[in-house]
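Notes to accompany the following structure.
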Amino acid sequence: MDNIDIFEILGHIWRKKLFVIRCMIIFFVIGILMAVFTPNQYVSNTVILPQISGSPGLGKKLGGFARLVGLNLDDNGKNEIFPTLYPVIATSIPFQKGLLYSEVKTGDSGNKINLNDYLESINLNSPSDYVYKYTVGLPGRIVRMFRSKEEKTYKNVDTTIIQLSKAEKSKIAYLEKHMDVSFNELEGFVEISVSIPDAEVSANLAKNVQILLQDKIIDFNISKAREELKYLNKRYNEAEQVYEEKRQKLGQFRDRNKNYISSVSENRYEQLKTENDLAFNVYSQLASQVESAKLQVKRDTPVFTVLKPVSVPLEPAGPSKLILIIAYIIVGAVLGAGIIVFRKLFPEIKAKLNQKPIE
């Protein structure tokens, strides 16, 4: 046991080669079954280039570091999400749930259906998932069998908290496995990749991810400028109403006192005119600020350049049936050889462990 002869072990394996061959045949059959029942995956991808505004001052000095952690150090304090955070947004529950209820077109019928309905029609578990479920995951399944099967439901008082059903949770988990959003820090582009058994659905889903991601980024980036525009519009409407009232009062006073001149009427006229001029100044200043705020919203709206548009894949990207079968044959050979070696060395290991120490 102290000195293991490698050549002796190899010779022993060769003498027991029929057992290894049987293991290889068994795993060859398993590999064929896995290859037959594993659905083809069609991969669709798109590449977009987001245009990020520069940051002067401190943001310019620390801009490189800030972009790595997804922060914006712009001196004017505006909101901005950098592409380093795009993958985080794409894996968030609100994003995934919005994607789950988007429309896609299937290759079978050519009609647009809800992605949730499409996922209902396919098997979300691959053969390897079943193998894992009934081997490594079997103890956990046995434990769950003795637990209460009643699904707890909670009354959601807070509307800001998202609740998912078990069906939605499993479908979102499937989307997370078959969708990838990555940011290339060196080149500065974002790549979106989707892998689905239907080529048409794969392309439609990749396009939906792109559109939904762009909408989320635009919505966040212009949120501050949009709120400011909303506030200014409200003040502008109020100032416009006040100005119209002051102008109406001034006009009515002039009409009533057209042929009557006195010190009292002149003083009243000057007062009304001053109020009218002041209201007009406020109104005109707010009108200018509203226009500036509209321009700011346009400036804060990010622009996305599509470097590689989505296209319907013509050939499946995988899995390779031949490679899958060869991999299972290799696993069978390694497992068979391992069992032979274990059977040979186990008695020696057991004897070594049972050997009493010399006193």
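Counting just the residues of region 294-329 that are of a type in the set (Val, Ile, Thr) and surrounded by 13 or more Cβ atoms within 10 Å (Cβ to Cβ), which one comes out nearest to residue 37 (Cα to Cα)? Restricting to residues being of a type in the set (Val, Ile, Thr) and surrounded by 13 or more Cβ atoms within 10 Å (Cβ to Cβ), the top hit is 325. The one condition from (1) within 48 Å of the chain's Cα centre (by Cα); (2) without any contact (Cβ under 8 Å) to a residue 12 or more places away in the chain that residue 251 does not meet is (1).
Being under 14 Å from the mean Cα position of the chain (by Cα) and among the β-branched types (Val, Ile, Thr) is the filter here; which residues of region 187-239 pass it? Answer for region 187-239, where residues must be under 14 Å from the mean Cα position of the chain (by Cα) and among the β-branched types (Val, Ile, Thr): 190, 192, 194, 209, 211, 217. Filter region 37-46 down to residues that are modelled with pLDDT under 85 and outside any helix (DSSP H, G or I) and give me whichever is farthest from the chain's Cα centre (by Cα). Per the stated criteria, the residue is 38.
Screening 284, 292, 288, 265 for residues that are free of Cβ contacts under 8 Å to residues at least 24 places away in the same chain and under 35 Å from the mean Cα position of the chain (by Cα) leaves exactly one candidate, 292. Looking across region 311-358, the residues that are under 30 Å from residue 44 (Cβ atoms) and in a loop (DSSP other than H, G, I, E, B) come down to 311, 312, 313, 314, 315, 316, 317, 319, 320. Sort out which residues of region 1-36 are of a type in the set (D, E, K, R) and either over 50 Å from the mean Cα position of the chain (by Cα) or at pLDDT below 85 (or both), and write them in order of number. Selection gives 2, 5, 8, 15, 16, 17. A single entry from 192, 218, 196 fulfils the requirement of being of a type in the set (Val, Ile, Thr), in contact (Cβ under 8 Å) with a residue 40 or more places away in the chain and within 29 Å of residue 288 (Cβ to Cβ): 218. The residues in region 91-150 that are modelled with pLDDT of 85 or more and either among the polar types (S, T, N, Q) or assigned to a helix (DSSP H, G or I) (or both) can be counted, and the count is 18.
The values are calculated or read from the model by the stated rules, or taken from the named source; none is laboratory data. Owing to the predicted nature of the structure, the values given are computational and were not obtained by experimental measurement. Backbone-built Cβ (ideal geometry, glycine too); neighbour counts: all protein chains shown.
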